[in-house]
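Written out below as structure tokens is the structure these notes cover.
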Amino acid sequence: MYNQKIKGNKHIASDELEQFYRQKPNRKFPLIPFTPYLYFYFLGKKKYEKTFDQRVAKFEKRIRKEEEKVDKLYQNLQVLQQEAQYNVHRKLHRKDSLKVLKKIRKQKSKLNQYTEKLAAYKREGNWLMRTVGEPPSIANDFSTRQSVSQMEKYLKKRGFFRGTVAVKADTLKKLISHTYLIKEREPYRIDSISYSINDSTLYHLMKQKSSRSKLLNVGDIYNEENLGKERERISRYLKNHGYFDLTKSYIFYQVDTTNRTAAAHINVMIKNPSEASKHLQYTVDTVIFESGVDVRKSRSTSAKEYHGITYKVFKNKYSQKVLDNNIYIRPKSLYKLSDAEETQRSLAGLDVFKFVNINYEKQSKGSLKAHIFTNDQKKFEYSIEAGLNVSQSLPGPFVSLSFKDRNIFKGAEILDFNARMAIEAQTALTNEKINYTSKEYGFNLGLSFPRLLLPYSKIIQRKLSMFNTRTRVSVGYSFIDRPEYARVNSQLQGSYQWQNKNNLLFNIKPLDLSIINTQRLSNDFRQTLDTLFAQGNNLKNSFDSSFVSSINLTVIKASDDFGKNSFESSTFIRFYAESGGTLVNLYGNEVKTEGRLFGLRVYRFYKTNIDFRKNVRTGLKSQLATRINIGFAKPYGKFTTSLPYEKYFFSGGSNSNRAWRPRRVGPGTYAPRTNDGLIDDRFEQPGEIILELNAELRKHLFSVVEGALFVDATNVWTSQEDPSRPGAEFEYKDFWRELAIGVGAGVRLNFSFVLVRFDLGIKAYDPAQPLHKRFVLGNLFEKPLGSGQAIFNIGIGYPF
């Protein structure tokens, strides 16, 4: 079996029908008609057949040897047991016997391993055959008929009751390709929906506007999958109206297609319980919260009541006010499934409980007792990590320490501390051929509160708590010591965070202050900065002692499975907006006349950024990952002619354009040149506008190995003309011709807990070259790998 494909389908996607293939052709590389796994299988088989007898004999010899060891141990055991019967030192003999028994178990385990290896070798072949390669896929008529039958059943489930599937086989030498020809014909549509519900209360509830379904609508194509989803929706809807016992097993459908032309009538039925004439609506009578549960120890505690809820705390003491704001199950209220889910999610979001379980116990008729069980997280948690930073020069060691104190003020507050020290190998900015070590250390101390610290009423506070609100205040300090400079950055931040029911995560920082102080500049580096500044490069400003203040907002929307090591479809979007210097406007004339505050340079600027990522599943173990990253930043004000250096946009590197060195793309068509006319990429290239377009086809190859083919198209620009950097300005009519395009391939080792990435990026289109010479992909065969035409990247995790 060489290939399988589906044709003729218009309404049903091909990948939905491909799941019914009962045969799978041998895997091929994407876009290349080559079956490497089959090649490795026969390569291994050739050696397997040649050395089979020799390998089996070697396995059997080792097995016999291990069996002899087991037999000898059993003989020693028998001798010890006999001696123990007639010896006064029985305890010693028994102890020796236990040691022998332990050796027997270990030896038997070893024997079983060799036996299993021999069986696997005979059954599946050698390592190359069973791990790297795959056996040939042989065409099978029975499997083909099964595929046709399953596809036709699926057509009916999707409303194509008269649909058919035929198979066309194409043979080329010994290779067979199957084409499944789909004839969907006219689909059956829903022409009417009715309800058969004997319980009058349920019937009126189902007829309300709020109960209307978006899954079943008159005129829609019949879809059996939507019927199942509708059962789930109805069950959930009724559980949110007090029907604790009403599960989806009480909900049925009658589908009538007789005497209709391509139409179906759906009758929704809700049966009554067998022991009663109607379903009961339940009310929560009692709510009990219990924390610090320990089934191994019996501990007495006094129960306290707050706002009708009974609190039993065995270990850590928590503010009942804080807990009350995160519990949505209220006494004397109608049972709602959503209240239990919101309570569980909200309490878990406090990060002080290991688990949150909610049980309901039936009391009298129509009455429930809600019991909330929790167990505490460790109050103190710390970790120490050590490793190597991998850069384009030499790796350098780092050590980081993190500490967390939960419930520090008994109100579920969290104090966290992080410290890091690193030594890295760097290339000197003034001479790229010189490597040296740089030192960096710093810390961050933060305090988080499980609420928004704002003046508002208790009612509003309670309503807001369902959005997993959090306030965080932090201070940070970092010190960098390099031969060119020594620099200190002190930071103070205050932020509010919340998440709505649509999984939109909001983070607003009304306070983001940094004081950057350059303590030392070497003479050579100072001259380099002055030269760059004269040419229009703003690197010099970032080394001036400065005060940076801003207000910023981040909004994130992501699928639940985004970022996980899987090949499912997912979406991620991040919006960022920042206003810099807003707080500085409050300080009066000194800033307005000199652009400084307390002798420090200040900045006024705007910045916004949108990062959109979409991963689309293209097969069972393949995925197309795409990204669009757009950003704009602009300084404003009389004395602000540049941005803080860290607020600029940069392009290039292992998470951007992998064919260029980090932060070396652009701006626009500009590139600094050496006296010989060659591109000088020693320095980073900042810009005020960024556009990044990335696409990557990911595919599982074998074992923990994944492969990828990618295209990166990126650049940065200035917002206005810069005479010292011709070609750096963004222009609508030309920007698409100024994208630096890199192509390449990568190999990833996916160990589930960590993914190690190796990517080779190759320059395909270089906007820094003259227009007629920008297509540079052919230069790869003219220049050595280390010439800058191709870049080798090492990273952790996917690039985007």
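The values are calculated or read from the model by the stated rules, or taken from the named source; none is laboratory data. Source: prediction; values computed, not measured. Don't worry about glycine lacking a Cβ; one is built from the backbone with ideal geometry, like all the others, and counts go over all protein chains shown.
Output the number of residues of segment 200-219 satisfying the condition of being closer than 28 Å to THR258 by Cα and out of contact with any helix residue (DSSP H, G or I) (no Cβ under 8 Å at 6 or more places or on another chain).
The qualifying residues number 7.
May I ask you to verify whether ASP170 is more than 30 Å from LYS47 (Cα to Cα) and either touching a residue at least 40 places away in the same chain (Cβ under 8 Å) or not assigned by TED's automatic domain parsing to the domain that holds ASP15 (or both)?
Answer is no for this residue.
For segment 689-800, list the strands (runs of 3 or more DSSP E) that sit wholly inside it and hold at least 2 residues that are among the basic types (Lys, Arg); which are they?
Of the strands (runs of 3 or more DSSP E) lying wholly inside segment 689-800, those with at least 2 residues that are among the basic types (Lys, Arg) span 689-702, 755-765.
How many residues does segment 474-503 hold that are within 30 Å of SER559 (Cβ to Cβ) and either hydroxyl-bearing (Ser, Thr, Tyr) or more than 31 Å from the chain's Cα centre (by Cα) (or both)?
Total satisfying the criteria: 3.
Name the single residue that is surrounded by the fewest Cβ atoms within 10 Å (Cβ to Cβ) among those in segment 281-337 being at pLDDT 90 or above and basic (Lys, Arg).
Of everything passing the filter in segment 281-337, LYS332 is surrounded by the fewest Cβ atoms within 10 Å (Cβ to Cβ).
Can you tell me how many residues in segment 212-255 are of a type in the set (Phe, Trp, Tyr), over 32 Å from the mean Cα position of the chain (by Cα) and assigned to a helix (DSSP H, G or I)?
1
Give segment 720-748 a look and list any residue that's in contact with a Lys or Arg (Cβ under 6 Å, 6 or more places away or on another chain) and more than 24 Å from VAL132 (Cα to Cα), or say none.
The answer is GLY742, and nothing else.
I'd like the full set of residues that are under 13 Å from LEU118 (Cα atoms) and exposed (fewer than 14 other Cβ atoms within 10 Å of the Cβ), limited to segment 47-61.
Within segment 47-61, ASP53, GLN54, VAL56, ALA57, LYS58, GLU60, LYS61 qualify.
Taking VAL711 as meeting all but one of (1) of a type in the set (A, V, I, L, M, F, W, C); (2) over 20 Å from GLY744 (Cβ atoms); (3) touching a strand residue (DSSP E or B) at 6+ places or on another chain (Cβ under 9 Å), write down the number of the exception.
Result: VAL711 passes all but (2).
Can you find, within segment 593-626, the residue that is farthest from LEU583 (Cα to Cα) among those that are of a type in the set (Lys, Arg) and either at pLDDT 85 or above or in a strand (DSSP E or B) (or both)?
ARG617
Select from segment 153-174 the residues that are surrounded by 13 or more Cβ atoms within 10 Å (Cβ to Cβ) and over 38 Å from the mean Cα position of the chain (by Cα) and list them in ascending order.
Scanning segment 153-174 gives PHE161, ARG162, GLY163, THR164, VAL165, VAL167.
Which members of segment 739-771 meet the condition of being of a type in the set (Phe, Trp, Tyr) and more than 25 Å from the chain's Cα centre (by Cα)?
Listed by number, the list holds a single entry, TYR765.
From the list ARG748, ARG737, which one is in contact with a Pro (Cβ under 8 Å, 6 or more places away or on another chain) and of a type in the set (D, E, K, R)?
Only one candidate qualifies: ARG737.
Do you know which residues across segment 137-146 are surrounded by 14 or more Cβ atoms within 10 Å (Cβ to Cβ) and in a loop (DSSP other than H, G, I, E, B)?
SER137, ALA139 - these are the residues of segment 137-146 that are surrounded by 14 or more Cβ atoms within 10 Å (Cβ to Cβ) and in a loop (DSSP other than H, G, I, E, B).
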